[in-house]
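The values are calculated or read from the model by the stated rules, or taken from the named source; none is laboratory data. Fair warning: this is a prediction, and the values are worked out from it, not measured in the lab. Note that each Cβ is placed from the backbone with ideal geometry, even for glycine, and that neighbours are counted across all protein chains shown. SASA here: full protein model, heavy atoms, side chains in, ligands and nucleic acids out. Shrake-Rupley method; radii C 1.70, N 1.55, O 1.52, S 1.80 Å.
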Amino acid sequence: QVQLVESGGGLVQAGGSLRLSCVASGNIVSINNMAWYRQAPGKQRELIAGITSGGTTNYADSVKGRFTISRDNAKNTVYLQMNSLKFEDTAVYYCNINAKSRPWSTIVNYWGQGTQVTVSS
């Protein structure tokens, strides 16, 4: 089994920065894509940034130029650097990975428990 633990959320003023981390642990053979999603109150969960095993990144238009996703494969960790935060970035942020827990197993999708980011205006 694979577990994801996120950290780094909190309360920040508009214009400020936060860095989220998500560490994957357990039986991990390989991790393919890693991503960050967020869900604001009353809204659907949305993909905001993704990174492939090769390091190719993609971003939602709403965060492009302000957020940066990165990964450390040696530490099974994905990061989200969030700069120039806005009130509308307030949400619960979730990390998501596709991973194999056994060499012969299929790729499984895993979610973290979420970390709250609150931006005060």
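Where in region 87-113 is the amide nitrogen less than 15 Å from a point lying 7 Å along the Cα-to-Cβ axis of residue 52?
Residues 98 fall inside that zone.
How much FRET efficiency would the formula 1/(1 + (r/R0)^6) give for residue 61 and residue 101, where r is the Cβ-Cβ distance and R0 is 25 Å, rounded to 0.05?
That pair, residue 61 with residue 101, gives E of 0.15.
Quick check for me: using +1 on Lys/Arg Cβ and -1 on Asp/Glu Cβ, what's the dipole size of the chain about its Cα centre, in debye to the nearest 20?
I would put it at about 160 debye.
Tell me, what is the percent relative contact order of region 16-121, built from C-alpha pairs under 8 Å that lie six or more residues apart?
Value for region 16-121: 33 percent.
Pop a pseudo-label 7 angstrom from the Cα along the beta-carbon direction at both residue 43 and residue 84 and give the gap in nm to one decimal.
Each label point is offset 7 Å from its Cα along the Cβ direction, giving 1.7 nm.
Quick one: if you stick a label point 7 Å off each Cα along the C-beta vector at residue 30 and residue 5, how many nm between them?
2.7
Over region 1-52, what is the relative contact order in whole percent, taking alpha-carbon pairs under 8 Å and six or more residues apart?
Relative contact order, region 1-52: 29 percent.
Where only protein heavy atoms count, and the probe is 1.4 Å, what is the accessible area per residue for the chain in Å²?
Per residue, the chain has an accessible area of 52 Å².
Pop out the ³J(HN,Hα) list for region 46-52 in order, Karplus 6.51 cos²θ - 1.76 cosθ + 1.60 with θ = phi - 60°, rounded to Hz; leave Gly and Pro as x.
10, 6, 10, 7, x, 9, 7
Of 107, 51, 31, which has the largest mean-square fluctuation in a 10 Å C-alpha GNM of the chain?
Looking only at 107, 51, 31, the biggest GNM fluctuation is shown by 107.
Among bridges DSSP assigns within the chain, what percent are antiparallel (round to 5)?
So the antiparallel bridges amount to about 90 percent of the total.
With springs connecting C-alpha atoms under 10 Å apart, model the chain as a Gaussian network and identify which of 48, 97, 28 has the largest mean-square fluctuation.
Evaluated over the chain, the most mobile residue of the options is 28.
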